[in-house]
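I am attaching a structure below and will ask some questions about it afterwards.
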Amino acid sequence: MNFHKVLKNFICFILLYTIFTTNTSVFYIFANETNEPTINQTDNKEDEEKNTETISQTEGTSESEQQTESVEDPLGLTAKSAVLIDAKTGIVIYDKNKDIKSYPASTTKILTALLAIENTKPTDILTHSHNAVFNIGPGSSHIGMRENEQITMDQALYGVLLASANEVCMAIAEHISGSVENFVEFMNKRAKEIGAKNTHFANPHGFHDDNHYTTSYDMALIMKEAIKNEEFVKYISTPSYKILPTNLVNEQRVLNNSNKLILKTSPYYYEYCVGGKTGFTDQAGNTLVTYAKKGDIELIAVVMKDEGFKVYDDTRALFNYGFDAYEEKEIFNKEGYKNKANIVQKFKDKDIPLGEVYVTAENNLSLDLPKTVDVSKIQRVANIPTAVEGPINVGDKVGTLDFLYENNKIASINLLSEDKIDTIAEAKLERQEKIKNISKLIIKVLKYLLIGIVIFVVVFFGLAFIVRNIIKVRRKNKRKRRYGNQTLKPMPKNRNNTRRRRR
């Protein structure tokens with residue numbers, strides 16, 4: 001009986017061990033039939049569902065769409081990416097995926113036009129090469145320029161910013177850099193200087209290229225730089241322009257601005273819009289970069305990957321939100337502010353110190369800023385040269401006090417001297433210089449004289465030591481020759497006593 005019980009237990013043990021080692025999921029399932037799922041199990045299940053959903057959404061979408069994240073959008077914009085910034089300070093007022101990679105399409109031409117304005121003259125003659133006319137891609141926007149046709153750079157910029165002419169962009173690139181490839185390198189370098197860190201251009205016009213991308217924030221920074229130039233603002237704010245007959249075409253070309261926000265006859269007209277640049281490709285969707293001004297408030301709105309005319313609705317919504325988001329804030333009170341400046345006088349390419357002056361701020365400062373700006377985070381930086389050239393009178397400007405918010409300079413006020421320092425007469429400076437030169441000469445002579453004395457003493461005692469040793473050696477040698485190999489007895493200490501004894 002005991003033997004049967006032992007055998008039964010042994011067989012059960014073998015079966016359980018076999019099941020456990022070959023399929024542990026049996027126990028897992030059994031355990032979960034009687035217990036609630038743990039937190040980790042629930043999270044894993046949700047993660048698997050999210051991953052499945054992500055894979056299904058990713059198939060058939062572009063890389064830029066894959067990067068787009070779901071963000072809170074109180075304005076309900078249809079654009080996949082958008083940003084609104086203060087045109088003066090760069091402060092971000094509204095953001096929807098502002099750092100997501102997007103294709104700029106023809107808004108690329110903002111930078112192309114800026115480089116043309118910065119590196120050419122309006123009267124420069126632009127000749128269109130075969131490459132410029134015929135290598136712009138199928139379906140590109142153009143104004144019908146012909147090979148070897150010539151227009152001025154001024155006319156070309158109207159063609160670029162109003163009619164979005166791709167062949168004109170190519171001609172500008174070749175005119176400035178010798179080749180389109182070199183100009184593209186120039187574009188990318190300038191974009192980085194502006195601060196567009198997530199941008200890479202592959203051509204001067206925006207025809208689709210997978211390696212031609214930017215972000216809405218980067219485009220806002222490029223536009224912020226461009227509108228500093230009055231010529232650029234003139235072009236984008238012009239409703240229409242006529243290019244007169246050229247060397248190859250006898251008819252004038254009428255160019256109409258593609259931005260409906262500045263056209264008074266358009267249902268999308270916006271009274272505060274100064275100008276901007278539109279863009280469209282199948283991959284980029286509709287893009288729009290716009291500059292608007294209301295009183296002292298200047299804004300830049302960028303919408304990317306939008307749908308048709310909704311680019312205008314989204315842009316209007318951004319501007320309306322932005323203009324309502326401002327309030328006057330006190331930034332700085334000059335009471336109690338003090339600083340110092342070192343004053344010098346230029347004399348024979350030298351800075352002659354004249355002394356220090358106390359400086360104070362010229363005035364208090366209040367600004368219209370977005371309500372979201374935390375005034376306590378605004379930094380003050382005194383910009384005073386290490387040496388200010390005199391003479392200085394009371395009230396003279398010696399530097400500026402700059403105000404920074406999120407590394408953007410938002411304002412600056414002058415720093416004025418509270419003291420007066422006159423310069424020294426040049427005749428007096430001449431005398432002082434002569435005295436100083438004589439003193440330097442005397443000190444130099446004394447220095448070399450002292451060095452010479454030290455060298456003489458060292459040499460003298462060195463030679464004396466050597467001579468003394470030579471004399472000793474010679475005496476020793478003489479005594480050796482005189483007495484031969486005999487052992488020399490030491491001389492008595494008192495010779496007089498020795499002589500007396502001998503007597």
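The values are calculated or read from the model by the stated rules, or taken from the named source; none is laboratory data. Note that the coordinates shown come from a computational prediction; the quantities given were computed from them, not determined experimentally. For neighbour counting, all protein chains shown are included, and Cβ atoms are generated from backbone atoms with ideal geometry for every residue, glycine included.
Within the range 315-322, is there a residue that is under 19 Å from ASP422 (Cα atoms), not in a strand (DSSP E or B) and not hydroxyl-bearing (Ser, Thr, Tyr)?
Kept after step one, since they are under 19 Å from ASP422 (Cα atoms), are these residues of the range 315-322: none.
Checked the range 315-322: no residue is under 19 Å from ASP422 (Cα atoms), not in a strand (DSSP E or B) and not hydroxyl-bearing (Ser, Thr, Tyr).
Could I ask something else about it? Take residues that are over 30 Å from LYS264 (Cβ atoms) and modelled with pLDDT of 95 or more and tell me which of the helices (runs of 4 or more DSSP H) falling wholly in the range 135-244 contain 2 or more. Write out each step before concluding.
Values: elements: 153-161, 166-177, 180-194, 216-226, 230-236.
Fully inside the range 135-244 and qualifying: 166-177, 180-194, 216-226.
As an exercise: evaluate GLN432 against (1) surrounded by 13 or more Cβ atoms within 10 Å (Cβ to Cβ); (2) modelled with pLDDT under 90; (3) touching a Phe, Trp or Tyr at 6+ places or on another chain (Cβ under 9 Å); (4) not hydroxyl-bearing (Ser, Thr, Tyr) and give the number of the one condition it does not meet.
Failing condition for GLN432: (3).
Could you list all residues from the range 236-258 that are crowded, with 17+ Cβ neighbours inside 10 Å and under 18 Å from HIS142 (Cβ atoms)?
TYR241, ILE243, THR246, ARG253, LEU255, ASN257, SER258
If you take the residues in the range 78-93 that are in contact with a helix residue (DSSP H, G or I) (Cβ under 6 Å, 6 or more places away or on another chain) and not small (Gly, Ala, Ser), which one is nearest to LEU221 (Cα to Cα)?
ILE85
I've got another one for you. Return the pairs, sorted by first residue and then second, in which the second residue is surrounded by 18 or more Cβ atoms within 10 Å (Cβ to Cβ), the first residue lies in the range 194-212 and is of a type in the set (S, T, N, Q), the beta carbons are less than 6 Å apart, and the residues are 6+ apart or on different chains.
From the range 194-212, the pairs are ASN198/THR215; ASN198/ASP218; THR199/ALA191; THR199/THR214; THR199/ASP218; ASN211/ALA202.
Would you confirm, using the coordinates I've provided, whether THR265 is outside any strand (DSSP E or B), among the β-branched types (Val, Ile, Thr) and more than 22 Å from ASN408 (Cβ to Cβ)?
Details: outside any strand (DSSP E or B): yes; among the β-branched types (Val, Ile, Thr): yes; more than 22 Å from ASN408 (Cβ to Cβ): yes.
The answer is yes for THR265.
Based on this model, can you work out whether GLU335 counts as over 30 Å from ASN166 (Cβ atoms) and part of a strand (DSSP E or B)?
No; evaluated as a whole, the condition is false for this residue.
Per-residue answers, yes or no, for (1) polar (S, T, N, Q); (2) modelled with pLDDT of 95 or more; (3) not assigned by TED's automatic domain parsing to the domain that holds THR152:
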| site | (1), (2), (3) |
| --- | --- |
| THR89 | yes, no, no |
| ILE93 | no, yes, no |
| LYS96 | no, yes, no |
| SER102 | yes, yes, no |
| ALA105 | no, yes, no |
| ASN119 | yes, yes, no |
| THR123 | yes, yes, no |
| HIS128 | no, yes, no |
| VAL133 | no, yes, no |
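Scan the range 262-316 residue by residue and report those that are polar (S, T, N, Q) and either over 16 Å from SER106 (Cβ atoms) or crowded, with 20+ Cβ neighbours inside 10 Å (or both). Spell out how you get there, then give the answer.
In the first step, residues of the range 262-316 are kept if they are polar (S, T, N, Q); the result is 265-266, 278, 281, 283, 286-287, 290, 315.
Those that are polar (S, T, N, Q) and either over 16 Å from SER106 (Cβ atoms) or crowded, with 20+ Cβ neighbours inside 10 Å (or both): THR265, SER266, THR278, THR281, ASN286, THR287, THR290, THR315.
What do you reckon, is ASN119 of a type outside the set (A, V, I, L, M, F, W, C), more than 21 Å from LYS242 (Cβ to Cβ) and under 32 Å from the mean Cα position of the chain (by Cα)? Show your work before the answer.
Details: of a type outside the set (A, V, I, L, M, F, W, C): yes; more than 21 Å from LYS242 (Cβ to Cβ): yes; under 32 Å from the mean Cα position of the chain (by Cα): yes.
In short, yes.
Could you look through the range 384-429, keep only residues that are surrounded by fewer than 12 Cβ atoms within 10 Å (Cβ to Cβ) and within 30 Å of ALA87 (Cα to Cα), and pick out the one that is modelled with the lowest pLDDT?
The qualifying residue modelled with the lowest pLDDT is ASN407.
Of the conditions (1) surrounded by 12 or more Cβ atoms within 10 Å (Cβ to Cβ); (2) of a type outside the set (Gly, Ala, Ser); (3) without any contact (Cβ under 8 Å) to a residue 24 or more places away in the chain, VAL454 satisfies every one except a single condition; which number is it?
(1)
For every residue, the table says whether it meets (1) at pLDDT 90 or above; (2) touching a helix residue (DSSP H, G or I) at 6+ places or on another chain (Cβ under 9 Å).
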| site | (1), (2) |
| --- | --- |
| THR360 | yes, no |
| PRO370 | yes, yes |
| ALA382 | yes, no |
| ASN437 | no, no |
| LYS440 | no, no |
